[in-house]
Amino acid sequence: MDLVPEKKHNPGIKRVIGITSGKGGVGKSTVAVLLAQSLASRGLKVGVLDADLTGPSLPRLLGIDTFRAESDGKRLYPVINEEGIKVLSINLFSEHEDEPVIWRGPLLAKALEQFWGDTEWGDLDFLIVDFPPGTSDIALTAFQTIPFAGIIVVATPQDYVSIIVTKSIKMATMLNAPIIGLVENMRTLICPGCGETVSLFDDGSTEGTTRLGLPVIVSLPWRKEVAQARSLRWSQISEATKKDADRIADEAERSVLQAEPCPAP
Ligand SMILES: Nc1ncnc2c1ncn2[C@@H]1O[C@H](COP(=O)(O)OP(=O)(O)OP(=O)(O)O)[C@@H](O)[C@H]1O
Ligand SMILES: [Mg+2]
């Protein structure tokens with residue numbers, strides 16, 4: 001079986017970055033939103049594709065809670081948030097955001113292919129793709145459909161998480177998606193009361209420049225403002241969180257600008 005079939009390029013989209021982990025709940029969507037916000041704050045044209053079709057969370061994190069995405073039966077139209085970020089998520093097509101999507105794999109794959117290929121993304125400098133947890137159906141379709149310029153892996157420093165994250169790193173490698181590096185999340189907690197740094201998810205390793213065989217882009221501490229935020233609006237997050245987001249965006253820009261942009265179709 002050909003694991004990596006020929007992909008359909010989207011001529012208006014310069015570069016696509018995937019946010020993966022394999023593990024659920026480690027901060028993929030948080031990192032996707034921080035990265036998108038930081039890139040948009042630089043005046044770049046940014047889109048976010050929520051590939052987590054059964055557990056979408058991006059619209060709210062990007063400050064969208066009232067708008068609906070549109071479709072004319074052929075093309076899908078993303079919603080544009082206040083920062084100018086184009087957002088497409090299955091939640092934006094649901095009548096009620098708490099309705100579950102109870103679809104089997106082939107239907108989910110078709111939806112993801114449409115999100116990529118049948119959507120009016122317009123011209124984008126970066127499209128950020130937020131992966132679902134796991135290494136099965138949707139993740140496989142995403143890797144086989146979308147030409148990623150780079151993948152950012154998110155992990156918490158816990159032994160059992162590392163094993164699962166390693167599976168997703170191997171998956172990306174097998175599917176020829178270049179990995180930019182690792183965002184380590186929640187190694188430490190910054191006490192909202194006294195500002196002291198406390199070890200939170202501590203697997204005995206020390207903070208370092210490489211982990212799981214990947215360069216560490218940044219180690220994000222647990223922050224109360226991130227945990228409690230209804231959305232992560234650029235104008236509302238602290239300077240410290242912005243600085244962390246900027247480090248992820250710097251690295252994304254640096255590494256993929258060295259690579260060739262998506263070729264014309
Ligand atoms: N650095 C952080 N500080 C505080 N809370 C955080 C941080 N990172 C993530 N969280 C919180 O942890 C939870 C999981 O984060 P998030 O939804 O980004 O993870 P995920 O990997 O996308 O999850 P899923 O696999 O379900 O899609 C959320 O409630 C989020 O607000
Ligand atoms: Mg998520």
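Any read-out appearing in this document is the output of simple, stated calculations on the displayed coordinates, not a laboratory observation. Predicted model only: the values in this text are computed from it and were never measured. Glycine gets a Cβ as well: all are built from the backbone with ideal geometry, and neighbour counts include every protein chain shown.
With N counted as the residues of the stretch 1-47, its alpha-carbon radius of gyration over 2.2 N^0.38 Å works out to 1.48. Spin-label model, Ala227/Glu196: points 7 Å from Cα along the beta carbon direction are separated by 1.6 nm. Just so you know, the Rg over Rh for the chain is 0.94, from Cα atoms, with Rh as the Kirkwood radius.
In what order do Asp118, Asp246 fall by count of nearby beta-carbon atoms within 10 Å, going from fewest to most? Don't skip to the end; give the middle numbers.
Values: Asp118 13, Asp246 18.
With the sparsest Cβ surroundings first, the list reads Asp118, Asp246.
For the stretch 71-133, the convex hull spanned by the alpha carbon atoms encloses 123 Å³ per residue.
Among 20-32, 90-102, 175-187, 221-233, sorting by the average number of other beta carbon atoms lying within 10 angstrom of each residue, highest first, gives 20-32, 175-187, 221-233, 90-102. For the stretch 165-217, the Stokes-Einstein estimate of translational diffusion at 37 °C and a viscosity of 0.692 mPa s comes to 254 µm²/s, using the Kirkwood hydrodynamic radius over alpha-carbon pairs.
Evaluate the charge dipole of the chain about its Cα centre and quote only its size in Debye, nearest 20, assuming +1 on the Cβ of each Lys and Arg and -1 on the Cβ of each Asp and Glu. It would help to have the intermediate numbers written out before the result.
Details: 27 positive and 34 negative charges, 56 e Å.
Rounded to the nearest 20 debye, it is 260 debye.
Of interest is the spacing of the C-alpha centroids, which for the stretch 151-197 and the stretch 84-138 amounts to 23 Å.
Reported to two decimal places, what Rg/Rh ratio describes the stretch 20-112 when computed on Cα atoms with Rh from the Kirkwood expression? Present the calculation step by step, with values, prior to reporting the outcome.
On the way: Rg = 13.4 Å, Rh = 14.0 Å.
My calculation of the ratio gives 0.96.
For the stretch 93-174, a simple Cβ point-charge model (Lys and Arg +1, Asp and Glu -1, everything else neutral) yields a dipole of about 620 debye relative to the Cα centre. Note on the stretch 13-258: dipole from Cβ charges, positive end direction compared against Ile128, Ile180, Tyr77; the farthest Cα belongs to Ile180.
Normalised by residue count, the stretch 97-157 yields a Cα convex hull volume of 140 Å³ per residue.
Once you have the Cα-Cα distance between Lys110 and Asp65, take 0.36 nm times their residue separation minus that, and quote the gain in nm to one decimal.
Contour length minus the Cα-Cα distance gives 13.7 nm.
Neighbour counting of Cβ atoms within 10 Å sorts the residues Trp121, Trp116, fewest neighbours leading, into Trp121, Trp116. Considering only Ser238, Ser29, Met171, the residue lying farthest towards the positive end of the dipole of the chain is Met171, judged by Cα position with unit charges set on Cβ.
Listed by chain and number, the lysines placed with their C-alpha closer than 26 angstrom to that of Lys242 are Lys14, Lys23, Lys28, Lys45, Lys86, Lys224; residues fewer than eight positions away on the same chain are left out. Rounded to 0.05, the FRET efficiency of the Lys74 and Glu6 pair, given R0 = 25 Å and the Cβ-Cβ distance, is 0.65.
Sorting Asp125, Asp65 on the 10 Å Cβ count, fewest up front, what's the list? Don't jump to the answer; show the numbers that get you there.
Numbers: Asp125 17, Asp65 11.
With the fewest neighbours first, Asp125, Asp65 line up as Asp65, Asp125.
Look at the dipole of the stretch 13-258 built from charges on Cβ: of Ile64, Val46, Phe148, the Cα furthest out on the positive end belongs to Phe148.
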